[in-house]
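Visitor: Shown below is the structure under consideration.
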Amino acid sequence: NAGVTQTPKFRILKIGQSMTLQCTQDMNHNYMYWYRQDPGMGLKLIYYSVGAGITDKGEVPNGYNVSRSTTEDFPLRLELAAPSQTSVYFCASSYGAPGSNQPQHFGDGTRLSIL
Amino acid sequence: AQSVSQHNHHVILSEAASLELGCNYSYGGTVNLFWYVQYPGQHLQLLLKYFSGDPLVKGIKGFEAEFIKSKFSFNLRKPSVQWSDTAEYFCAVGGSQGNLIFGKGTKLSVKP
């Protein structure tokens with residue numbers, strides 16, 4: 001199993017550009033998550049999904065959009081990139097919700113710089 | 001609101017020293033607790049988890065954590081650290097509803 005796969009690994013964007021961060025998992029997990037990690041701030045949840053066709057906002061959703069048309073894929077879209085979105089983005093998936101004690105499996109991350 | 005506090009931002013130890021990283025959470029209900037590790041340049045990996053039963057949980061690579069309900073704590077321990085334990089460690093809590101809440105992380109540097 002590949003686990004959770006994120007692409008691209010690195011990207012530099014200009015202010016105002018748009019892009020989609022791809023995330024796919026092959027573990028048939030229902031739950032998928034997008035986090036951003038900033039130095040000294042831990043991980044902040046951007047959006048999550050409890051299944052195909054269902055998404056919900058996390059702690060820091062502004063400036064981002066997601067979709068979940070299939071169980072496997074959970075892309076994250078930045079419509080108008082801003083310098084504040086410079087960060088490392090992690091996608092994760094789990095079989096059940098955090099409250100069900102299921103651990104999350106993480107992708108390798110996408111390092112995004114907005115200049 | 002739920003929160004997780006990790007008291008130490010950066011810990012520096014020599015090899016063979018003992019390790020204890022503090023983690024406190026604020027959530028009054030049933031909790032599931034996790035420790036994740038992130039090695040330099042890598043993604044987060046699960047070290048151990050607690051959801052019920054024995055409050056002393058053993059994880060991979062010789063790590064263990066103790067859940068103390070009265071103190072809302074879930075501290076991570078290792079009797080003797082190695083250089084390869086250099087990483088960032090994240091405590092996280094998942095409640096009965098909603099998402100996983102992460103602490104800000106503790107960087108561990110082990111000197112050879």
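Visitor: Quick check on this structure: which one of A:15, A:54 is farther than 16 Å from residue A:106 by Cα, touching a helix residue (DSSP H, G or I) at 6+ places or on another chain (Cβ under 7 Å) and surrounded by fewer than 20 Cβ atoms within 10 Å (Cβ to Cβ)?
Guide: Sole residue among the options that is farther than 16 Å from residue A:106 by Cα, touching a helix residue (DSSP H, G or I) at 6+ places or on another chain (Cβ under 7 Å) and surrounded by fewer than 20 Cβ atoms within 10 Å (Cβ to Cβ): A:15.
Visitor: Moving to a separate point now. Among the residues in the stretch B:72-87, are any hydrophobic (A, V, I, L, M, F, W, C) and more than 27 Å from residue B:15 (Cα to Cα)?
Guide: Yes: the stretch B:72-87 contains one or more residues that are hydrophobic (A, V, I, L, M, F, W, C) and more than 27 Å from residue B:15 (Cα to Cα).
Visitor: Can you find, within the stretch A:21-47, the residue that is modelled with the highest pLDDT among those that are at the interface with chain B (Cβ under 9 Å from one of its Cβ atoms) and more than 8 Å from the chain's Cα centre (by Cα)?
Guide: Top of the filtered list is A:37.
Visitor: Ok, one more. Select from the stretch A:58-90 the residues that are touching a Leu at 6+ places or on another chain (Cβ under 6 Å), assigned to a loop (DSSP other than H, G, I, E, B) and more than 14 Å from chain B (Cβ to nearest Cβ) and list them in ascending order.
Guide: A:81 - this is the single residue of the stretch A:58-90 that is touching a Leu at 6+ places or on another chain (Cβ under 6 Å), assigned to a loop (DSSP other than H, G, I, E, B) and more than 14 Å from chain B (Cβ to nearest Cβ).
Visitor: Can you name the residue in the stretch B:59-87 that is modelled with pLDDT of 95 or more and of a type in the set (D, E, K, R) and, of all such residues, is surrounded by the fewest Cβ atoms within 10 Å (Cβ to Cβ)?
Guide: B:77
Visitor: Same structure, new question: Looking only at the stretch B:31-51, filter to residues that are within 8 Å of chain A (Cβ to nearest Cβ) and part of a loop (DSSP other than H, G, I, E, B); which one of those is surrounded by the fewest Cβ atoms within 10 Å (Cβ to Cβ)?
Guide: That would be B:42.
Visitor: Among residues belonging to the stretch B:52-106 that are free of Cβ contacts under 8 Å to residues at least 40 places away in the same chain and polar (S, T, N, Q), point out the one that is farthest from the other protein chains (Cβ to nearest Cβ).
Guide: B:70
Visitor: Follow-up question, since we're still on this one. How about the stretch A:59-91: which of its residues are without any contact (Cβ under 8 Å) to a residue 40 or more places away in the chain and among the small types (Gly, Ala, Ser)?
Guide: Across the stretch A:59-91, the qualifying residues are A:63, A:67, A:69, A:84.
The values are calculated or read from the model by the stated rules, or taken from the named source; none is laboratory data. Not measured: the values here are computed from a predicted model. So basically every Cβ, Gly included, is an ideal-geometry build from the backbone, and we count neighbours across all protein chains shown.
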